[in-house]
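To start, the structure under review is shown below, and the notes come after it.
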Amino acid sequence: MGIRNKPVFWAMVVLTVFFTLVRERVAAREPAGWDMLRQGGFVVLIRHAAAPGFGDPPNFRIGDCATQRNLSEKGRLQAQALGESFRLRKIPIEKVYSSQWCRCKDTAHLAFDAFQEHPALNSFFEQPRLKAPQTEALRAFLMQLRPQRGNLILVTHQVNITALTGVVPQPGEMVVVALEDDGRPVVKSRITAPD
């Protein structure tokens with residue numbers, strides 16, 4: 001091999017190692033998450049599926065989907081695939097709750113069919129002053145609903161999941177948490193959105 005090719009060779013080696021490590025990391029974290037969910041007793045925080053943009057239009061109204069940022073076709077397919085992932089793996093579910101935003105309700109409906117709305121899951125992206133009280137309301141809600149045999153599914157927004165766990169999830173990503181005795185959520189796994 002000539003001297004001119006050595007940098008290219010080493011760059012290829014570094015890239016190959018990098019992509020192998022990334023692939024192994026993803027592969028290692030997802031099966032463990034699904035295995036945990038088969039046992040039940042976890043809270044699954046799901047960021048709504050793909051919806052173009054961020055935030056909501058200025059004329060946003062909670063009960064009017066036409067005024068909101070909604071799921072794209074990709075997001076609708078992603079939500080359906082999410083539900084299929086739970087069904088194929090026979091993951092036990094106790095209850096499903098959703099934010100009152102249409103993109104979350106659509107994700108919950110397309111993935112799990114039946115769900116209940118809960119305001120503690122609503123986004124505070126446009127009103128950051130609500131971060132602390134809303135996160136505290138979510139913690140209190142979780143203390144009341146500790147999952148036993150199945151898993152508690154919460155479809156919500158990136159800001160809510162980040163405030164509660166410190167994790168910044170991608171659209172459709174799941175953050176699996178266990179609740180400590182004091183109600184503090186401990187992140188146990190992350191499962192990327194299905195394709």
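The values are calculated or read from the model by the stated rules, or taken from the named source; none is laboratory data. Bear in mind that the values here come from a model prediction, so they are computed numbers and not experimental data. Positions of Cβ are generated from backbone atoms using ideal geometry, with glycine treated the same way; all protein chains shown enter the neighbour counts. These accessible areas exclude ligands, DNA and RNA; they are computed on the full protein's heavy atoms, side chains included. Shrake-Rupley method; radii C 1.70, N 1.55, O 1.52, S 1.80 Å.
If I filter the stretch 150-195 down to residues being farther than 14 Å from residue 82 by Cβ and small (Gly, Ala, Ser), which single residue comes out as surrounded by the most Cβ atoms within 10 Å (Cβ to Cβ)? The selected residue is 189.
Here's the yes/no breakdown for (1) over 24 Å from residue 183 (Cα atoms); (2) open to solvent by 60 Å² or more (accessible area, probe 1.4 Å); (3) within 18 Å of the chain's Cα centre (by Cα):
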site	(1), (2), (3)
106	yes, no, yes
109	yes, yes, yes
119	no, yes, yes
122	no, no, yes
127	yes, yes, no
133	no, yes, no
137	no, no, no
142	no, no, yes
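Residues in the stretch 34-53 that are under 20 Å from residue 72 (Cα atoms) and not β-branched (Val, Ile, Thr): 47, 48, 49, 50, 51, 52, 53. For the stretch 93-104, the criterion of being of a type in the set (Gly, Ala, Ser), over 25 Å from residue 180 (Cβ atoms) and either open to solvent by less than 10 Å² (accessible area, probe 1.4 Å) or free of Cβ contacts under 8 Å to residues at least 40 places away in the same chain (or both) is met by no residue.
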